[in-house]
Every structure is written in structure tokens, then in C-alpha cells.
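What follows is calculated from the coordinates using simple rules that are stated; it is not laboratory data. Since the model is a prediction, treat every value here as computed from it, not as a measurement. Because the Cβ atoms are built from the backbone with ideal geometry, glycine has one as well, and the counts that use them run over all protein chains shown.
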Amino acid sequence: MARKILYLFFFHTIICWSQSTEIENSLFVVGEDSIPNSVINLKEVIVYQPLTFNSYDAAKKYAILRNRTYRVYPYAKLAADRLQVLNSRLENINTKSRKRKYLKRLEKFIYEEFEQDLKKLSRSQGKILIKLVHRQTGETTHKLIKELRNGWRATIYQATASFFKLSLKETYDPEKNYQDYLIEDVLLRAFSSGKLVEQSTALEYDLDELYYMWKERLNLNKNESLGQSKYKLIN
């Protein structure tokens, strides 16, 4: 009999504790007030496809590309920010001569500010930077120079870039270029994890659509498979 009473007491205690816990969990404290709420608002979590590869070489290439992208993305982001400010300021400048003077002064400022940093970029990093400028602004680097300065200046810069086997006319297209797809994958994962600060871009892509599109293409070509692989890369 004592055991039965003890059991009933224990069972009753659990029920009461559960009910009070449920009530407490449904209350959110704001200041000194408790507000009933049946829903907990959580941050949006984006789940991407597993980052896996079917060879060590493929995983290594991705890791190298990721490091290069991390290195140059801030410059592309800064270029887009500066371009937005530049366009807003140019709207308030009436004459062509004043615009040319302003752009020339700005070019000198940017050159002096970033010359040493940009000189340290490798050719591969420079190529990614050119692509990312197109991603962020919607315009190629060549076209931006041509529009903001003149065609002659764009030609000179293009000729200089060609010595380093680069092209300022390079575009960013993850739907047609496999490396661009990998760069997009790197960026979106980095934005989600907070490793890079996301900026609104002129070109937007759905990573899941790109994933399945490239998986089908590579499987048809009997090349690297994005889905069935042996190597995993830790973010």
C-alpha cells in the first residue's frame, strides 16, 4: 500500500512538473512581463548538398579555389560599393570635364590605396577577382573602365592584363562554367556560415538547381560525380 501511495505521489509530481514546464516553455519574458506564445522564432537555416568529391585531387582543387575566393571576394565587394557611390555622385556633376577630372582623381586614389594589395594577388586570384566584379556589378571590368573612363583606357588595361594571361572581358556564368559553379558554391556556403559578408549582387543563382544540373552533365560525360564520392571536405 505504501508503494502504491509513493507511486501515485511520484506520478502526480511528474505530471505537475510536465504541465508547469509546458506552461513555462510557452511564455517568453520581455522585460518583467511574460507573454504567451506557442511559437519560437528561429533563424533561417540553409541546408546545402553534402560537400563531397570522388577523388582526392578534386577535393584539393576545391579547397585551393575556396581559399582564393575568400582572398579576393572582399575586393569585388568593395568595388561594387564604390561603384554605387560613384554613380550617385556622378549624377550630381553636370559637365563632362568635371566628371573626367573627378574620375581621374578617383582612379589615382584607388590605385594608391590598393596597389600593394593587388600586386600580391596571383594570376589565378586575379582571374577570380575579375569574375567576381562581374558577379557583383553585372558588368565586366573592361566595360566598367570603358564607361567610366574611355575606350582607350579600357584597351590599355586589357592589353596589360593580357600579358598576365588575363582578360578584363571575363564573365561569370555558373550555368556554363564549372569553375564558376564551384565559386558560387564557395560563396553561398561562406555567406551561410558567416565566413564572408554577403552583399546584394547583380547576378543571382539557385545553388540546388546548379548542383543537379552539373551532376547530370558530369555523369553523362563520365567525369567527376558531385553526388557519389569518397572524399568529404570540412567547411
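What does the convex hull of the alpha-carbon atoms of the stretch 52-232 project to on average, in nm²?
Details: hull surface 46.5 nm².
Taking a quarter of the hull surface, the average projection is 11.6 nm².
Which entries in the list Lys99/Lys169; Lys99/Lys143; Lys99/Lys127; Lys127/Lys169; Lys61/Lys165 go over 22 Å, if you measure between the two C-alpha atoms of each?
Values: Lys99/Lys169 24 Å; Lys99/Lys143 17 Å; Lys99/Lys127 30 Å; Lys127/Lys169 10 Å; Lys61/Lys165 20 Å.
Checking Cα-Cα distances, Lys99/Lys169; Lys99/Lys127 exceed 22 Å.
Using Cβ counts within 10 Å as a stand-in for footprinting exposure, how do Glu184, Glu91, Glu216 rank, fewest first? Each step should come with its number before you reach the end.
On the way: Glu184 23, Glu91 8, Glu216 12.
Exposure proxy ranking, most exposed first: Glu91, Glu216, Glu184.
Quick one: 3J(HN,Hα) in Hz for the stretch 210-215, Karplus 6.51/-1.76/1.60 with θ = phi - 60°, rounded, Gly and Pro as x.
Taking θ as phi minus 60°, the curve returns 5, 4, 5, 5, 6, 4 Hz for the stretch 210-215.
Below 8 Å, C-alpha to C-alpha, sequence gap of six or more: please give me the relative contact order for the stretch 52-232 in percent.
On the way: 164 pairs, mean separation 62.5, N = 181.
Relative contact order here is 35 percent.
Which peptide among 201-208, 135-142, 174-181, 96-103 comes first, and what is the full order, when sorted by highest mean count of other Cβ atoms within 10 Å?
Taking the mean over residues of other Cβ atoms within 10 Å, the ranking is 135-142, 174-181, 201-208, 96-103.
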